[in-house]
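See structure below.
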Amino acid sequence: MAHGLGRLWAKLITSSIPKGVFLVPVPMHPTKRRERGFDQAVVMAKAIAEATGNPLSNILERTQDTPPQSGLHPRQRIENVKGAFKVKSGNITGKKYILVDDIYTTGASLNECARTLKAAGAAEVCAITLAIALKKPSSEDPETGHNKGNL
């Protein structure tokens, strides 16, 4: 499904991607990738790179095998991915990057990836996602992230 969605998405956004910008998939931890058998962000970023002629850059790696972001409160998501990414070897100073991910929920992973790239010298970092998760109304306690009815 990721291959088909990636190709379709690439056709729709090709004209919106500036030439010469490096496409960087938000990386999955190697353990999770082995369990799943693929990394959907990589698959989709490859499709966009092929459609636009822009270079695919796997310059980021996830160094921490963090718990899944789903089910976490927005503040917990930020803490969950803090320091979870690093730039692999190479000079990124002055270059422009577009992070590619499947779903934007709170932006915690994208923000941490962007922070990591900027700290390493990237001139500009933007992001694109295939989908945006809409916030569901809930009875969740904003401080703890737990359902108030189950405390």
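The values are calculated or read from the model by the stated rules, or taken from the named source; none is laboratory data. It should be emphasised that the depicted structure is a prediction, and the values quoted were computed from it without experimental measurement. Cβ sites come from the backbone with ideal geometry, for glycine too, and all protein chains shown count toward neighbours.
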Does segment 67-81 include one or more residues that are closer than 21 Å to Val125 by Cβ, assigned to a loop (DSSP other than H, G, I, E, B), touching a residue at least 24 places away in the same chain (Cβ under 8 Å) and out of contact with any His (no Cβ under 6 Å at 6 or more places or on another chain)? yes
Could you please let me know if Lys96 is at pLDDT below 80 and basic (Lys, Arg)? no
Any chance Glu35 is more than 19 Å from Thr116 (Cβ to Cβ), acidic (Asp, Glu) and in a helix (DSSP H, G or I): yes
Residue list for segment 128-141, filter: modelled with pLDDT under 70 and either surrounded by 10 or more Cβ atoms within 10 Å (Cβ to Cβ) or small (Gly, Ala, Ser) (or both): Ser138, Ser139, Glu140, Asp141
Looking at segment 105-127, is at least one residue loosely packed, with under 15 Cβ neighbours inside 10 Å, more than 26 Å from Phe38 (Cβ to Cβ) and at pLDDT below 90? no
Could you please find all residues in segment 13-32 being more than 18 Å from Val81 (Cβ to Cβ) and in a helix (DSSP H, G or I)? Ile13, Thr14, Ser15, Ser16
